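The values are calculated or read from the model by the stated rules, or taken from the named source; none is laboratory data. Just so you know, these numbers come straight off a predicted model, no measurement behind them. Virtual Cβ from ideal backbone geometry, glycine too; neighbours counted across all protein chains shown. Ligands, DNA and RNA are excluded from the accessible area calculation, which covers all protein heavy atoms including side chains. Shrake-Rupley method; radii C 1.70, N 1.55, O 1.52, S 1.80 Å.
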Amino acid sequence: MRLVSEVNGGQSGYFPHIDGLRALAVICVILYHLELTLFGGGFIGVDVFFVISGYLITAHIRQSVRRKEFSFRGFYAKRARRLLPALFATLLFTLLAGWFIFPAANYDRLATETIFSVFSVSNFLFWNESGYFDGASTLKPLLHTWSLSVEEQFYLFWPLLLCFIKKEKVVFSVLIVMGAASLIAAELLVRKEPALVFYMMPFRIVEFSIGGVLVWLGGQLRLRAYTHEVLCLVGLAAVIVPVFLYSESTTFPGFAAVIPCVGAALIILFGEKTYVGLCLRLRPVVYAGLISYSLYLVHWPLIVLYKYGLSRFLVTDKLLLLLAIFLLAVLMYHFVETPFRKRGSFAVFGPRAFVAAMMVMFVSLVGVSWVTKEKAGWPDRFGFEQLTSEKIKQGKSDRFQLIQKNCQARGWDVCEVPSEDFRKNVLILGDSHAADALNILQLAYPDKYYVKRSLGGCPPAVGDTLKRIQGDWSNYEECKALNEQRLSSEFLGQFDTIVIGLYWGTYKPEDLLETYEYIQDVADASLIVFGNYLALNKPMSDLFNQRVDPRIFTDYVASFALFDERLQELSRNRYRYLSKKSLFCTAESLSGCKIQFGSAPYSYDQHHLSFEATEFASKRLKELYPSWDDLQLNALNH
């Protein structure tokens with residue numbers, strides 16, 4: 001088999017259309033991160049980058065091996081000059097800017113991200129925490145470094161593979177097998193473990209492999225000129241169309257990632273001399289490709305810092321940011337990337353000077369970040385009380401202290417088993433908000449025997465409701481199995497009272513009616529239902545640290561007592577409805593509601609109640625209903 005470079009006269013050369021493809025990829029990513037609705041699938045730009053890397057690195061290594069010029073030292077030195085200076089500069093800039101903008105908890109968090117990024121393992125950090133598309137992602141200024149970590153991990157084993165397998169056909173076959181295995185594994189796991197598949201390098205090997213096989217495939221193709229034009233056009237369409245059709249709800253990666261990756265491959269193969277590829281070879285586009293690495297590095301920290309500092313994201317802000325991103329990237333490219341990348345007689349930094357400069361940066365970044373973590377994010381910077389990362393972590397943990405005490409007293413293996421006294425048994429059903437319902441009730445009426453059966457994001461839906469509202473959810477099967485168990489007539493029949501505590505949104509009041517009617521048919525139990533309180537589009541711990549009151553700055557409010565009136569209306573002669581607005585507010589409007597309890601906010605995230613908030617709510621509930629019997633439906637609905 002012949003290498004593609006042999007078809008091009010034996011020279012690897014420079015291909016402007018590949019830089020044009022880089023420009024297309026990075027612009028898609030930036031527009032997506034600027035939250036421009038039209039570009040909901042712009043995240044596929046990262047996958048295009050992986051294909052390009054797979055192609056260029058494979059071509060470089062195989063050509064060097066065939067010429068007996070390859071050395072691991074030279075390879076990694078070149079990668080270091082290409083990647084480290086701009087990355088370290090970005091990390092330093094973000095730390096400096098974060099000092100003036102981020103409160104203690106966020107700055108502590110940034111220090112953690114910096115350390116993981118320096119060691120090229122930030123993808124492990126972000127995988128371990130949450131999904132790429134969750135709300136908290138928008139508060140992580142170094143989230144985008146996950147892809148750099150994946151690429152740098154790819155650089156560790158790929159040269160070994162390409163150097164020690166001598167026969168071209170064998171290497172080609174190995175790439176095909178590895179790519180196919182990676183793709184199949186990704187598709188099989190993406191619905192159950194979406195974050196794992198998204199962030200981990202083994203599931204991205206297929207994208208690097210698609211680029212890698214082009215090194216051999218291109219040398220075998222003998223096609224007419226018009227076929228090149230058609231295939232290049234198909235490639236452009238395969239990259240661009242998903243940008244507009246894909247969204248955060250798209251199951252990705254897996255088979256869905258193949259389309260833009262194959263599109264990128266077609267562009268690499270046929271974009272060099274075709275008329276269709278001319279749009280990628282225009283000078284402004286090629287220049288954007290040349291600075292694409294700097295564009296990618298600076299865009300996300302700048303967006304996060306801007307949004308956090310100004311607490312807004314209007315169209316004018318997005319346009320201003322777009323301009324700032326390009327300006328900063330141009331400066332980074334010409335004054336950081338280029339000087340450090342030059343080698344030989346043109347080098348600004350010789351090998352020893354380069355190593356020394358990188359070591360100083362490395363030690364400085366790790367050292368400053370480590371001290372920042374030891375100082376808990378320097379909470380005294382702004383001259384007023386701050387919630388540190390440790391306080392926030394403890395506050396979130398405290399929500400489960402009653403559940404833990406119950407399990408310790410009963411035994412962990414029988415913690416969720418009802419007692420033999422039917423009249424004392426109270427079942428708490430719901431999602432992650434079930435813990436709030438348990439806290440409020442157990443603090444107010446401690447003589448009851450509370451059993452909680454819940455799963456985050458899993459409503460107690462019956463019939464086809466769960467499939468209708470959450471059929472594409474990665475935990476759908478787990479939730480379905482839980483509902484089959486916790487809603488069985490044998491289990492429900494052991495409880496005198498059933499409580500539903502969940503986050504109302506996708507699960508609506510009308511869905512509750514189906515659950516109510518089902519419970520009436522299979523169990524002799526009264527029903528209590530909790531409503532929503534205040535949901536924010538930014539964690540309350542952040543607003544607390546910024547001294548921002550969402551009762552005044554209502555742009556931060558996602559919803560307030562959602563469906564409260566409808567749930568109250570449907571409750572008559574059916575269930576006891578406990579409005580959290582009634583428990584926390586002295587007026588109908590949000591301005592008359594409590595959001596702070598001593599030194600604790602009502603929530604440490606965007607809507608789950610802090611333990612201190614549930615303590616307050618339990619006292620208020622006890623005032624409204626002095627005894628458990630008063631709480632039952634035989635009393636007038638409140």
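ALA434 passes every criterion in (1) touching a strand residue (DSSP E or B) at 6+ places or on another chain (Cβ under 7 Å); (2) hydrophobic (A, V, I, L, M, F, W, C); (3) over 19 Å from SER579 (Cβ atoms) apart from (3). Considering region 65-158, the qualifying helices (runs of 4 or more DSSP H), each wholly inside and each with 1 or more residues that are of a type in the set (Lys, Arg), out of contact with any helix residue (DSSP H, G or I) (no Cβ under 8 Å at 6 or more places or on another chain) and surrounded by fewer than 22 Cβ atoms within 10 Å (Cβ to Cβ), run over 72-101.
Residues in region 446-460 that are assigned to a loop (DSSP other than H, G, I, E, B) and open to solvent by less than 10 Å² (accessible area, probe 1.4 Å): CYS458, PRO459, PRO460. When TYR308 is tested against (1) of a type in the set (Phe, Trp, Tyr); (2) part of a helix (DSSP H, G or I); (3) closer than 30 Å to LYS78 by Cβ, just one condition goes unmet, and that condition is (3). Of everything in region 563-589 that is of a type in the set (Asp, Glu) and either in contact with a strand residue (DSSP E or B) (Cβ under 8 Å, 6 or more places away or on another chain) or open to solvent by 90 Å² or more (accessible area, probe 1.4 Å) (or both), the residue that is farthest from GLY501 (Cα to Cα) is GLU588. Being part of a helix (DSSP H, G or I), within 27 Å of GLY395 (Cα to Cα) and not charged (D, E, K, R) is the requirement here; does LEU543 meet it? Judged against the criteria, LEU543 is a match. Restricting attention to region 13-29, the residues being assigned to a helix (DSSP H, G or I), open to solvent by 10 Å² or more (accessible area, probe 1.4 Å) and either under 25 Å from GLN63 (Cβ atoms) or small (Gly, Ala, Ser) (or both) number 2. Here the condition is being open to solvent by less than 80 Å² (accessible area, probe 1.4 Å), touching an Asp or Glu at 6+ places or on another chain (Cβ under 7 Å) and either at pLDDT below 95 or not acidic (Asp, Glu) (or both); of SER364, SER389, it holds for SER389 alone. Note on region 228-292: enclosed helices (runs of 4 or more DSSP H) holding 2 or more residues that are surrounded by 20 or more Cβ atoms within 10 Å (Cβ to Cβ) and not basic (Lys, Arg) are 255-270, 283-290. Scanning region 537-557 finds one or more residues that are crowded, with 20+ Cβ neighbours inside 10 Å, of a type in the set (Lys, Arg) and either in contact (Cβ under 8 Å) with a residue 12 or more places away in the chain or in contact with a His (Cβ under 7 Å, 6 or more places away or on another chain) (or both).
For every residue, the table says whether it meets (1) at pLDDT below 90; (2) touching a Ser or Thr at 6+ places or on another chain (Cβ under 8 Å).
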{"site": "LEU161", "(1), (2)": "yes, no"}
{"site": "SER173", "(1), (2)": "no, no"}
{"site": "SER182", "(1), (2)": "no, yes"}
{"site": "PHE198", "(1), (2)": "no, no"}
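Applying the set (1) open to solvent by 30 Å² or more (accessible area, probe 1.4 Å); (2) touching a Phe, Trp or Tyr at 6+ places or on another chain (Cβ under 6 Å); (3) within 25 Å of PRO539 (Cα to Cα) to GLY395 leaves exactly one unmet item: (1).
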